[in-house]
Structures are given as structure tokens and as C-alpha cells.
Amino acid sequence: MPRNDELRLIARVARMYYLEDVKQADIAARLTISQATISRLLRRAREENVVRISVHTPPGTFPELEESLCRKFGMTEVIIAECSEDREGQILRRMGEAAALYLETTLQAGEIVGISSWSESLLHTVENIHPQRRLAAGRVVQILGGMGDPSVQTHATNLTRRLAQLIGAQPQHLPTQGVTSSKAAKKALTDDAFVRETLTYFPQITLALVGIGAVEPSKLLKDSGNVFTSNELAELARMGAVGDICLNFFDRNGKQVPSAFQERVIGIGLDQLRRARRVVGVAGGQRKVEALLGAMRGKLIDVLVTDQYTAARLDAAED
């Protein structure tokens with residue numbers, strides 16, 4: 001076929017596909033050409049610069065920064081929320097909205113969802129989820145003990161119950177505190193039939209939603225009573241801890257910091273967490289940077305939802 005005639009055909013197919021929104025099968029039928037040939041001609045359209053595709057980045061989105069973080073840390077996905085201010089309240093609201101949309105668009109029917117207690121970022125996430133009418137997830141499992149100070153107790157139980165309600169799942173509460181007074185107390189509490197039942201769901205979790213904490217606990221966690229003493233936290237810091245996931249403390253490279261304190265925690269362990277198909281971390285703010293770096297370097301999370309200011313700090317730290 002003479003080149004001009006070939007280019008004319010390439011351009012004709014490209015106009016029908018890109019400008020007239022005609023499906024490849026319909027183009028093939030209209031032009032009496034096989035669909036495989038139509039696909040080849042569309043590929044040639046790009047090679048010959050008949051078609052040039054450009055993507056205009058919408059204001060308030062950060063694809064280059066997201067791609068940079070995915071590349072540097074080996075992440076599956078990074079979602080960056082636009083914030084008008086580098087302030088915790090604003091960051092929590094915007095991260096919650098972004099994380100809620102991510103969950104709404106990626107949740108699969110029958111998923112076993114694990115969610116940690118005492119996370120303000122996850123509270124904001126659940127508050128922003130729209131009820132899913134078609135989706136029926138299997139179960140929402142509380143993966144860190146949620147009992148604590150009665151004045152804030154409703155946060156932990158409502159988080160699990162409300163998420164389950166929104167995604168059409170059964171709630172599975174962990175009816176015990178997150179930090180016990182001793183190893184013996186932990187054993188006694190985990191011998192409870194209701195606690196044991198919840199623990200059996202940990203290996204089945206397909207999607208884990210976690211907050212990422214700094215060594216110094218958030219006000220919500222501190223108020224709950226599910227915390228170590230100041231001396232214990234200082235000892236963890238001396239041992240190299242930079243942050244925690246479900247009160248599993250890790251160092252700057254994401255390796256768990258071994259300590260006797262861990263024997264008092266009732267919740268999912270890092271080894272169990274790694275078995276989930278997806279671990280989604282929702283965290284941001286200046287005080288979380290070192291913890292986030294450790295979690296990402298250690299591959300403790302697959303997906304990160306954060307804010308633009310924190311993302312820029314994370315990116316600069318690995319340059």
C-alpha cells in the first residue's frame with residue numbers, strides 16, 4: 001500500500017476511535033477490516049505521530065510526586081490529598097476524604113477488612129465513606145484492642161461498627177484493651193472466648209486499614225489509656241523506635257524493635273499484617289514523617305494516603 005494511502009487509513013481509524021468514540025469492533029465492521037488490524041493501525045497512529053496523547057494534570061493533584069514516592073519506596077500506590085494549610089486538623093480532614101474515595105473504588109466483595117482502633121485519620125476516613133449499596137464485604141475485624149477509658153470508648157467500637165455498616169459487612173470487635181498490665185494479664189484476656197474468636201480472623205484479613213503513629217502517642221490514643229508509660233516510651237526511643245502500627249514499634253528501617261513491652265499488646269502483629277494482600281496506611285503531618293519513612297522503607301504498608309506537605313518531606317528525605 002502506498003504510504004499516503006496507509007496514512008489516510010491510519011488517520012481515518014484514529015479519528016473514528018478517538019474523536020467519534022466508535023469502538024474497535026464497530027470500526028472493524030464498518031470498514032470491513034479485522035479487529036486485530038484496527039488495533040495495529042491505532043498503535044501505528046501513535047508511532048507515526050498521527051495521534052499525540054497528552055495528559056493535563058488537574059490543579060490540586062500531584063501525580064509526579066506520587067510516582068516518585070512509589071518508585072523510591074516500592075509502593076503499590078500513593079495518594080496525596082491537597083491541603084490548604086500544613087496543619088493537623090486540615091490534614092486529617094483531607095486525608096480522610098482521599099482515603100474514603102480510595103476505599104470506595106477499590107473494595108472487593110467478600111473482603112475481610114481489618115481496621116486499627118484509636119486512629120484519628122481512620123475516624124475521618126470512615127466518616128467520609130458513602131454507603132455502598134452493591135458491595136457486600138465479608139467482615140470488618142478490629143485488629144487492636146479497643147477497650148479503654150469510658151469517655152472515649154465509643155471511638156473504637158463505633159469505628160468498626162460504622163465501617164461494617166457502610167460496606168455491608170459483619171463487625172467483629174476485639175473486646176479487650178490494647179495494652180495490658182502484664183504478660184500474665186494478656187494471657188488471661190486472650191483466653192476469653194470472644195477475644196479468641198476475633199484473633200482467628202487475623203490470618204484471613206485481605207485489606208488492613210492502619211494509622212501510623214509516632215513514638216509519642218496521639219491525644220486520642222493517650223486519652224484511651226491504651227499506651228505505655230513515659231519511661232517505657234523513652235526506652236523504646238532509646239532502642240531506636242521511630243513509630244508504630246497497632247502498637248508494634250519499628251525503627252527507621254521498618255524493623256520491629258524487640259522489647260518486653262510487646263508482650264502486653266493485644267492486637268495484630270507485624271508478621272500477621274504482612275500476610276494481608278493490601279495494607280493501607282493513612283497518616284500525615286510533620287510529627288509522622290520519621291514513622292512514615294520507617295514504615296515505607298520496611299515495606300510495612302503497600303498503599304499510603306497522606307497530604308502534599310508530608311509527601312514532599314518524604315520525597316526529599318530519600319533524595
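Rule-based calculations on the coordinates, nothing more; no lab input. Treat the numbers as computed from the prediction; the structure is a model and nothing was measured. Please note: Cβ atoms are built from the backbone with ideal geometry, for glycine as well, and neighbour counts cover all protein chains shown.
A few notes on this one:
- Shape parameters for segment 210-319, alpha-carbon atoms, Rg then Dmax in Å: 13.3, 39
- Computed over all pairs of different Cα atoms, the Kirkwood value for the hydrodynamic radius of segment 3-47 is 10.2 Å.
- Ranking A14, I33, A45 by Cα position along the charge dipole of segment 3-47, where only Lys, Arg, Asp and Glu carry charges on their C-beta atoms, puts A45 farthest toward the positive end.
- Taking D192, D307, D251 as the candidate residues, the one with maximal mean-square fluctuation in a Gaussian network model of the chain, Cα springs under 10 Å, is D192.
- Mean Cα-pair separation over length for segment 63-317, i.e. relative contact order, pairs under 8 Å, 6 or more apart, %: 25
- Here each label is just a point 7 Å from Cα along the line to Cβ, and for K183 and V55 those points are 5.2 nm apart.
- Among Q165, A291, Q308 the positive-end extreme of the charge dipole of the chain (Cβ point charges): Q165
- Note on the chain: Lys pairs 8 or more places apart or on different chains, Cα atoms under 17 Å apart, count 6.
- Q108 paired with S84, simple spin-label distance in nm, labels 7 Å along Cα-to-beta-carbon: 3.9
- Shape parameters for the chain, alpha-carbon atoms, Rg then Dmax in Å: 24.4, 85
- Placing +1 on each Lys and Arg Cβ and -1 on each Asp and Glu Cβ, with no other charges, gives segment 63-317 a dipole about its Cα centre of roughly 600 debye.
- Cα-centred dipole magnitude for segment 159-262, charges only on beta-carbon of K, R (+1) and D, E (-1), debye, nearest 20: 80
- Between helix 3-14 and the chain there is an angle of about 40 degrees, using the helix long axis and the longest principal axis of the Cα atoms.
- Segment 23-79: GluC sites (Glu not before Pro) in DSSP loop, at most 16 other beta carbons within 10 Å: E48
- Max mean-square fluctuation residue, GNM over the chain, Cα-Cα springs under 10 Å, options E216, E20, E127: E20
- Averaging the Cα positions of each part gives two centres, and for segment 154-222 and segment 5-46 these lie 55 Å apart.
- Most simply put, the chain has about 25% antiparallel DSSP beta bridges, counting only bridges with both residues inside it.
- Kirkwood-type radius of segment 89-222, with distances r between different C-alpha atoms, in Å: 15.3
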